[in-house]
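Here the structure is laid out as structure tokens; the discussion comes afterwards.
The values are calculated or read from the model by the stated rules, or taken from the named source; none is laboratory data. Here the structure is a predicted model, which is why all the values come from computation and not from measurement. Note that we place each Cβ from the backbone using ideal geometry, even for glycine, and neighbour counts take in every protein chain shown.
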Amino acid sequence: MSTFSRGCALVLTLAVTIGLGQFVSSCAPVVLVGAGATAGVAATQERGAKGALTDTRIRADINHLWFQKSTELYSSVNLQVQEARVLLSGTVADPQTRVDAVRLVWQVEGVKEVINEIEIKDDSSLSDWFTDVKIGTELKNKLRFDEAVSSTNYSVEVVNQSVYLIGVAQDQAELDRVIAHAKDVQYVRRVVNYVRLKDDPARKS
């Protein structure tokens, strides 16, 4: 995603969250297409509309802090938020950037857990990036078309052929199917599972 597109997305997220529609005129087409779809998806997720709104606000606050800190941090670290649990992945050039990413996340109100999977590495090639995109696309399609999986309750991130999963599974059988799908995708080196079961008491803590 380009710097402009990601910046636009951040403005939209902030505007939708706090109700300031007058700030998004330049991104109006995205609002018209995305707002209704987002609300519809949120209603089907285990976290519900209220939980989705909280996660959206947390995501916006994190992006804001990262962008203020540095454009490298903002563009290099991948961010997923589910039920106030934050999963960080991606690659950065030095340890300090990794530390800054985590430190700033914990400054955001409402964050319950930070899962840090950021790698310090600066030798990823364009072919590596295309491979990650291919893996992510194939896995998301597998989940979407599997009637035994509630795909909207999962987030997928792929970094250097490692698949990171976060979300809420209806039961162990569904989670096993998701992990199996991930392992079945070509070029996947490993699958890191941070998914919780629907009845896990930790979700209510």
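Couple of notes before you dig in:
- The residues on offer are Leu126, Leu139, Leu87, and the sole one that is of a type in the set (A, V, I, L, M) and under 22 Å from Ile62 (Cα atoms) is Leu87.
- Counting only residues that are buried (at least 16 other Cβ atoms within 10 Å of the Cβ) and farther than 24 Å from Val191 by Cα, segment 75-104 holds 3 of them.
- Test: residue in segment 156-167 that is surrounded by 15 or more Cβ atoms within 10 Å (Cβ to Cβ), assigned to a helix (DSSP H, G or I) and outside the structural domain of Glu83 (by TED's automatic domain parsing): no
- For segment 173-199, a tally of residues being in a strand (DSSP E or B) and either in the same structural domain as Val114 (by TED's automatic domain parsing) or under 14 Å from Asn153 (Cα atoms) (or both) returns 5.
- Selection within segment 85-116 - among the charged types (D, E, K, R), at pLDDT 90 or above and either out of contact with any Asp or Glu (no Cβ under 8 Å at 6 or more places or on another chain) or more than 25 Å from Arg196 (Cβ to Cβ) (or both): Asp100, Arg103
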